[in-house]
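The values are calculated or read from the model by the stated rules, or taken from the named source; none is laboratory data. Owing to the predicted nature of the structure, the values given are computational and were not obtained by experimental measurement. Note that each Cβ is placed from the backbone with ideal geometry, even for glycine, and that neighbours are counted across all protein chains shown. Side chains are part of the model used for accessible areas, which takes the heavy atoms of the whole protein and leaves out ligands, DNA and RNA. Shrake-Rupley method; radii C 1.70, N 1.55, O 1.52, S 1.80 Å.
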Amino acid sequence: MSSPSSRTERRRVRQVAFVSLLCCLSTAAFARDAQSPPGTVHALLINGGGRPTSNYLSHLHHLEDMVHVLRGRGVAPEHIHVFSADGEDPSADLTTRDSPPADFWLLEGTSLDSRLRPQARLVNTYWAGVTLHPARQAALREWFEAARTRIVPGDQLLIFVTDHGTGDRDDPENSAISLWGEKLTVRELKALLARLPAGIQVVMVMSQCYSGAFANLISDAGPSEPSGNVCGFFSTTGQQKAYGCYPEGRDRDKLGHAFHFIEALGRRATTAEAHAEVLADDDTPDVPLQTSDAYLSRLVSTEAAARRIDVDALVDSLLAQAWRKRTDWEPEIRLLDRIGTAFGTFSPRRLGEISSREKELQALTEQMSTYADRWNVAQTELKESLLQSFLGEQPDWRARLEPAALDGLRLEDRAVLLEELLPPLLEHARRRQEFWQRLERFRDHAVRGSEAGWRLEVRKAALQRMRTILVGIAGRVLVAHDREHAPSDETMPHAAQRQALARLERCEAFAAGEPPDPATVDRSDAAPPFPPLSEELALLEEISPSWLGVRFRPVAPPVRAAHGLPAGANLLDAVYPDSPAREGGLEAGDIVLGPPGQPFSSPRELREWTMTAPRGVALPLLVVRPGEQSGDDVQFEASLVLRAYPAHLPKPSGPPLVGDRAPILPATLKPVGSSERADPEGRPRVLFFWATWCGPCKKAVPEVMAFAQSRSLSVLAISDEDEDTVRRFLEGRKEAFFSQVAVDTLRKTFTSYGISGTPTILLVDRDGIIRHRQVGYNAEKGVTVEGWTWVRATTGSTEGKSP
C-alpha cells in the first residue's frame with residue numbers, strides 16, 4: 001500500500017521527533033495512571049501481519065500515523081498500546097520494497113522483469129521509543145484482563161485494526177482479523193470485549209478485508225437492540241475484500257481506507273465526521289460503512305421480508321416519503337452531491353437510479369479493462385523485441401544479463417546494474433524513431449486505459465457508498481414513522497429501534513481527545529475530482545483497438561523452412577465465430593503471412609497490424625492454407641473488414657464431447673517411424689495426444705497400451721512437436737511405445753478436437769462416435785473408461801483386463 005523509498009526519510013524524522021513524546025509507551029503493555037479521571041481515551045492499535053511476507057511496511061505506517069494523530073489530539077502516550085506482528089522479537093517480521101526507477105517500465109513484462117525488479121526484503125520492525133507487543137491472542141487476552149481494573153466506566157476505548165482479514169464462507173458474519181500466525185474472529189473479539197466493565201464505550205476503526213462483519217458486535221448479546229456501548233467504522237462490507245489486502249498496495253503511498261480515515265481524523269472533530277469525509281475522499285474501490293448503516297440495513301431488510309416485498313422497492317417508497325421534506329435531509333443530500341462530484345458520476349435520489357447506472361458502469365469497466373489489457377500485451381511484445389535488439393547490439397550487456405550472472409548478484413548490486421542499464425536501453429529505443437513512436441502510443445493507451453479502468457472501479461464503489469446512504473435515510477424514515485403520529489408515545493413498535501439508533505449515533509460521534517482547530521486544517525493536498533464520465537467514454541473510443549477474431553501462434557521454425565514461410569508467419573489456432581476473420585474466410589490451421597508485398601518480419605506484427613488497422617474498410621492479407629505436402633499449399637488473399645474489439649469475445653465452438661462425432665483426421669498428419677500415414681477411420685481406435693516432454697504422458701503409455709490390447713484397438717499417438725524431436729525421442733526410448741505415431745505441426749487435430757492438455761485420451765467407436773474423453777493421467781486413477789481395471793505387470797500377473 002505504501003512506497004518504502006518515498007516515506008523512509010519522513011519516517012526517520014518523525015521517529016526522532018516522537019521519541020521523547022512516546023517514551024512512556026515502552027514501559028509496559030498497560031501502564032495507566034490509577035488517578036486518571038473517567039472519560040479517559042485509550043487506544044488499542046493492532047497490526048496482526050499474518051506472517052513476515054504479508055506484513056507490509058504500509059501497515060507500520062498506519063500505526064505510526066494513527067499514533068501521530070492521537071498524540072496531536074492530546075491522547076496520553078501511556079494510554080496508547082500497540083500490538084504489531086511478533087512484537088519485540090528481533091526476527092525479521094516486516095516486508096519492505098523499494099520502488100523501481102522511473103524508466104523501469106521499459107522492462108516490465110519482459111524476460112528481465114522479475115530478475116531486475118526491486119525485490120521485497122524482510123526486516124525487523126523497529127519503532128524508536130515504542131514497545132511493540134505481539135499481535136497474538138494470548139497477549140490480547142492478557143491486555144483485556146488488565147483492562148478490567150485499568151479502564152473504568154465512562155472511559156472510551158478506540159480499537160484500530162489495520163492489516164489483513166479473512167472471510168468465512170460458511171458463516172459470513174464471523175470473519176476474522178489476521179493476527180501473527182493466528183486469527184481473531186468476530187465472536188472471539190466479542191468475548192474479549194465482554195471482559196471490560198460495563199459503561200465503557202468501544203469505538204472500532206477497521207481497515208482489513210471483510211471488516212464489515214465486525215458491525216455485528218453492536219449488540220451485547222444475541223439479537224437484542226444495540227446498547228450503544230460498541231460502534232465502529234469499517235473499510236468494506238463483511239462479504240468484500242478491502243483494497244489494502246492486495247500485495248500491489250505495498251509500493252503505493254497513502255492509498256486505502258486506513259490512510260484516508262486517519263488523515264480525516266486529524267482534521268475532523270469526531271469519527272462520524274471523519275467517516276463522512278472518507279466516503280468522498282477514498283479513491284479506492286473500498287465501500288466504507290459504519291455500524292448505524294449496518295443496523296438500519298438490517299431493519300429495512302426485516303421490514304421488507306415482513307411485508308413480502310423487494311428490499312429496493314421498500315427503500316424507494318420510503319425515500320419518496322423522505323423527499324417530501326428535503327430540508328430535513330440536507331446533510332445527507334449534500335454528502336450524496338459531494339460523492340457524485342468527487343467521482344465524476346451523479347447524485348442519486350432512489351435505488352432504481354443506482355441499479356441502472358451500476359449495469360452501465362460494469363459494462364464500461366469490462367470494456368476499458370479489455371482494451372487496456374490488449375494494449376499492454378502489444379507494448380510488452382514491443383519491449384521484449386526492443387530488449388533483444390539491444391542485447392544483439394551490446395554483447396557485453398548480454399553477458400552481464402545472463403541468468404547465471406544475475407543470480408550471483410546481491411540485491412544491492414542488482415540495483416546498481418539496473419541504474420546502469422536503463423539509460424542506454426532508453427537511448428537505444430529512442431534512436432529507432434518509428435519503433436519508439438509505436439511504443440509510446442501503445443504505452444499511452446495501456447496506461448491511460450488502466451487508469452480509467454481503476455477510476456471506473458472506484459465509481460462503482462461510489463455507487464455502493466451512495467446506496468448505503470440512501471438505505472440509511474430509508475431506515476430512519478421507517479423507525480420515525482409511528483413517531484410522526486404519536487410523538488410522545490415511546491411504546492410504539494419502532495420506539496426501541498429509535499432509541500437504539502440514537503445510542504449508536506452518539507457512540508459514532510466519538511471525539512478521540514481534543515478536536516483539531518478548524519483554522520489549522522489544511523486541505524491543499526486534496527485530490528482533484530475525477531473527470532466526468534463523458535471523458536472516460538471519449539477515451540474508450542480513442543483507445544479502442546481493431547479486432548480480427550483469431551487466436552494465433554508463431555509458426556515453428558521447421559515448419560517455416562518446410563513451407564518457405566517468412567519469419568513473421570503466424571498459425572491460426574482458432575477463429576472466433578461471427579468475427580471478421582470468419583467472415584473473411586479464414587479457418588483454424590491457416591497461416592497468415594502479412595499484407596501483400598509486406599510480409600510480417602516478426603510474429604508480433606500480426607497483433608500490431610490488427611490493433612492499429614482502420615475499421616470498416618476491406619483490408620487484404622496473404623494467407624496460406626497448408627496441404628498434405630508443401631507443394632499442395634494454397635496461397636490466397638483474404639479480404640477482411642475489421643471491427644472494434646468486443647468487451648466479451650464470442651465463445652469458440654467447444655471441443656467435441658462424448659457422444660459427438662469425431663472430426664476427420666487431417667491429411668497434414670505426418671507419420672513418424674513408418675512409411676505410411678496411419679488411417680484408423682472406420683475402426684474402433686484410441687487417439688492419444690501427447691508430447692515428448694510430458695511426464696504424465698509417459699506414465700500413461702503402459703496402461704493405454706494394455707487397455708488397447710485388451711480390446712483389440714489401434715492407437716494413434718499424435719504430437720504437435722516437429723518430426724525430428726519425436727523421432728529422437730522414439731529412437732532413445734527403451735520402453736515399449738505405440739506403433740503408430742504422427743506429428744501435427746500445424747495443430748489441426750489439436751484445434752479440431754479441442755485439446756487443451758496432455759495427455760488427452762479419446763476412445764472412438766467404429767462409427768466415429770467419441771465414447772470416452774480423458775484429460776490428464778495419474779497412476780491412482782489410471783485410464784477412467786467404465787469397466788476397465790488394470791494391474792501393473794509383475795511376475796505371474798496379468799497386465800490388463802476388461803470385464
Fill in: Kirkwood estimate for region 244-348, i.e. one over the average of 1/r between Cα atoms, Å
16.0 Å
Worksheet item: Using only Cα atoms, what Kirkwood radius does region 41-175 have, in angstroms?
Response: 17.2 Å
Practice prompt. Go through region 119-129 residue by residue and turn each phi into a ³J(HN,Hα) via Karplus (6.51, -1.76, 1.60, θ = phi - 60°); whole Hz please, and just put x for glycine and proline.
Written response: 8, 5, 10, 9, 10, 8, 5, 9, 9, 4, x
Worksheet item: Once Lys and Arg get +1 and Asp and Glu get -1 on their Cβ, which of Pro566, Trp693, Val447 lies farthest toward the positive end of the dipole of the chain?
Response: Trp693
Worksheet, complete the sentence: Once all protein chains are kept in place, Ser58 shows an accessible area at probe 1.4 Å, nearest 10 Å², of 0 Å²
Worksheet entry | Cα centroid separation, region 675-753 to region 370-399 (Å) | 37 Å
Discussion item. If Rh is defined by the Kirkwood formula over all Cα pairs and Rg also comes from Cα, what ratio Rg/Rh do you get for region 579-736?
Written reply: 1.05
Discussion item. For a quick check: with amide H placed at 1.01 Å from N, whose amide H comes under 5 Å from Val641's, ignoring anything fewer than 5 positions away on the same chain?
Written reply: Leu619
Worksheet entry | Share of alpha-carbon pairs per 10 Å distance bin for region 528-635, given as whole % | 13, 42, 25, 11, 7, 2, 0
Item to complete: Apply the Debye scattering formula to region 709-766, with a single equal point scatterer on each alpha-carbon and no solvent, then give log10 I(q)/I(0) at q = 0.28 Å⁻¹.
Response: -1.30
Discussion item. Rg over Rh of the chain, using C-alpha atoms and the Kirkwood radius, what does it come to?
Written reply: 1.05
Worksheet item: Quick one: if you take sqrt(5λ) for each eigenvalue of the C-alpha gyration tensor of region 390-432, what semi-axes come out, biggest first, whole angstrom?
Response: 21, 13, 5
Discussion item. Students sometimes get this wrong: rank Asp86, Asp660 by accessible area, probe 1.4 Å, all chains present, largest first.
Written reply: Asp660, Asp86
Practice prompt. Arrange the residues His648, His42 by how much accessible surface each exposes, largest first, with a 1.4 angstrom probe.
Written response: His648, His42
Fill in: Local electrostatic count, Ala135, Cβ distance below 15 Å [Lys/Arg +1, Asp/Glu -1]
-4
Practice prompt. Would you give the gap between the C-alpha center of region 130-158 and the C-alpha center of region 254-290, rounded to a whole Å?
Written response: 25 Å
Worksheet item: Over its Cα atoms, what ratio of radius of gyration to 2.2 N^0.38 Å does region 182-233 give?
Response: 1.09
Worksheet item: Mind listing the phi-derived Karplus ³J(HN,Hα) values for region 546-560, rounded to whole Hz, using 6.51, -1.76 and 1.60 with θ = phi - 60°, and x for any glycine or proline?
Response: 6, 9, 9, x, 9, 10, 9, 8, x, 6, 4, x, x, 5, 4
Worksheet item: From Cα coordinates alone, what are the radius of gyration and Dmax values for region 388-473 in angstrom?
Response: 22.0, 69
Discussion item. Just to make sure I understand: if all protein chains stay in place, what is the order of Arg553, Arg374, Arg431 by accessible area at 1.4 Å, largest first?
Written reply: Arg431, Arg553, Arg374
Practice prompt. Report the relative contact order of the chain, percent, no decimals, based on alpha-carbon pairs under 8 angstrom and at least 6 residues apart.
Written response: 10 percent
